[in-house]
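The values are calculated or read from the model by the stated rules, or taken from the named source; none is laboratory data. Not measured: the values here are computed from a predicted model. Heads up, the Cβs are rebuilt from the backbone with ideal geometry, glycines too, and the neighbour counts pull from every protein chain shown. All accessible areas refer to the heavy atoms of the entire protein, side chains included, with ligands and DNA or RNA removed. Shrake-Rupley method; radii C 1.70, N 1.55, O 1.52, S 1.80 Å.
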Amino acid sequence: MLPFVAAHPEVSKRQVELKIAEIAEKEKRPEDAGKVWHVKVEFEYLLQGGGAMDVQKGIIYNYILDIVCQ
């Protein structure tokens with residue numbers, strides 16, 4: 001999250017935290033070594049069209065930026 005906040009100083013860290021909590025949940029699933037963020041089912045459409053994690057992060061970052069800056 002810090003790289004996102006650093007790249008977009010117009011968005012507060014708290015706004016980003018709230019949006020991430022809205023679209024994802026931190027949990028440990030059987031395939032995970034520990035707790036990690038997983039996008040909630042209702043927001044998985046944001047990940048479609050890109051297979052690379054960097055692409056997925058970019059889509060979610062843009063979504064957060066668009067929503068928070070409205």
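List of remarks:
- Rolling a 1.4 Å probe across all protein chains gives Lys40 an accessible area of roughly 50 Å².
- Among 5-14, 18-27, sorting by the average number of other beta carbon atoms lying within 10 angstrom of each residue, highest first, gives 18-27, 5-14.
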